[in-house]
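These notes are about the structure you will find just below.
The values are calculated or read from the model by the stated rules, or taken from the named source; none is laboratory data. Source: prediction; values computed, not measured. Methodologically, a virtual Cβ is constructed for each residue, glycine included, from the backbone with ideal geometry; neighbour enumeration extends over all protein chains shown. Please note that ligands, DNA and RNA were not included when accessible areas were found on the heavy atoms of the full protein model with its side chains. Shrake-Rupley method; radii C 1.70, N 1.55, O 1.52, S 1.80 Å.
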Amino acid sequence: MYDKKYMSGTTSKTFSPSSKVTRGMLVTILHNMENKPYVAGTSKFSDVQNTKDYYYVAIKWAAKNNIVSGYSNGKYGPNDLITREQLAVILNNYCKYKGKYKAVTANYAGFKDCNKISSYAKWGMNWAVGNKIINGSNGNLNPQGTATRAETAAIISNYCKIIK
């Protein structure tokens, strides 16, 4: 089950549900779900080199376990806002890492913007929508829209309930 220790508040008294999530934040949540395992070595990403950054070990762990691969330019973009389709791809890779992946076929009939899913993300969105981990809103998936903290918490919670 989803545990609030996976995703802390922005302060001791606020959660900031409308704030956007970065790629570094998402991987940190997944790393927290794994009880923060340590990985030896250095980061392969040119923009993830400061060992004091909160996301450094998490991104190094995620890259080593094929959960993230970064951009084609050798960077990860830890401070880039995460899109919903990127979130789906990373969560799908995490599911594979956990050994719980099962192929599904998504029914996109109710989503007006399913044609806006990037080619690299089609398999990840198919998995997330097919498993009802991402459910969309008002007839849209908004695949290239940025994910809020509330949406990310709901998606991670869905993953924990459905995939187990």
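Selection of the range 37-62 for residues being aliphatic (A, V, I, L, M), outside any helix (DSSP H, G or I) and touching a helix residue (DSSP H, G or I) at 6+ places or on another chain (Cβ under 7 Å) yields V39, V48. Pairs are defined by a Cβ separation below 9 Å, a sequence spacing of at least 6 or placement on different chains, a first member in the range 70-90 that is free of Cβ contacts under 8 Å to residues at least 40 places away in the same chain, and a second member that is of a type in the set (A, V, I, L, M); the pairs so defined are G70/V48; G70/I59; G70/A63; K75/V48; V89/V68; V89/A121; V89/M125; V89/A128. Number of residues in the range 105-139 that are surrounded by 14 or more Cβ atoms within 10 Å (Cβ to Cβ), in contact with a helix residue (DSSP H, G or I) (Cβ under 9 Å, 6 or more places away or on another chain) and not in a helix (DSSP H, G or I): the value is 9.
Of all residues in the range 100-120, those being touching a Pro at 6+ places or on another chain (Cβ under 8 Å) and hydroxyl-bearing (S, T, Y) number 1.
Quick one: count up the residues across the range 155-164 that are open to solvent by 50 Å² or more (accessible area, probe 1.4 Å) and in a helix (DSSP H, G or I). Final tally of qualifying residues: 2. Scanning the range 77-104 for residues that are surrounded by 14 or more Cβ atoms within 10 Å (Cβ to Cβ) and more than 19 Å from I163 (Cβ to Cβ) returns G77, P78, D80, L81, I82, T83.
Among the conditions (1) surrounded by fewer than 20 Cβ atoms within 10 Å (Cβ to Cβ); (2) closer than 17 Å to T28 by Cα; (3) touching a Phe, Trp or Tyr at 6+ places or on another chain (Cβ under 8 Å); (4) not polar (S, T, N, Q), K52 misses just one, which is (3).
The rows are residues; the columns are (1) under 13 Å from L26 (Cβ atoms); (2) out of contact with any strand residue (DSSP E or B) (no Cβ under 6 Å at 6 or more places or on another chain); (3) of a type outside the set (F, W, Y).
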site	(1), (2), (3)
N92	yes, yes, yes
Y97	no, yes, no
A121	no, yes, yes
W127	no, yes, no
G136	no, yes, yes
T152	yes, yes, yes
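Looking only at residues of the range 140-153 that are open to solvent by 10 Å² or more (accessible area, probe 1.4 Å) and assigned to a helix (DSSP H, G or I), we find that the one that is nearest to R23 (Cα to Cα) is R149. Return a yes/no flag: does the range 11-26 have any residue that is modelled with pLDDT of 90 or more and over 15 Å from the mean Cα position of the chain (by Cα). Checked the range 11-26: at least one residue is modelled with pLDDT of 90 or more and over 15 Å from the mean Cα position of the chain (by Cα).
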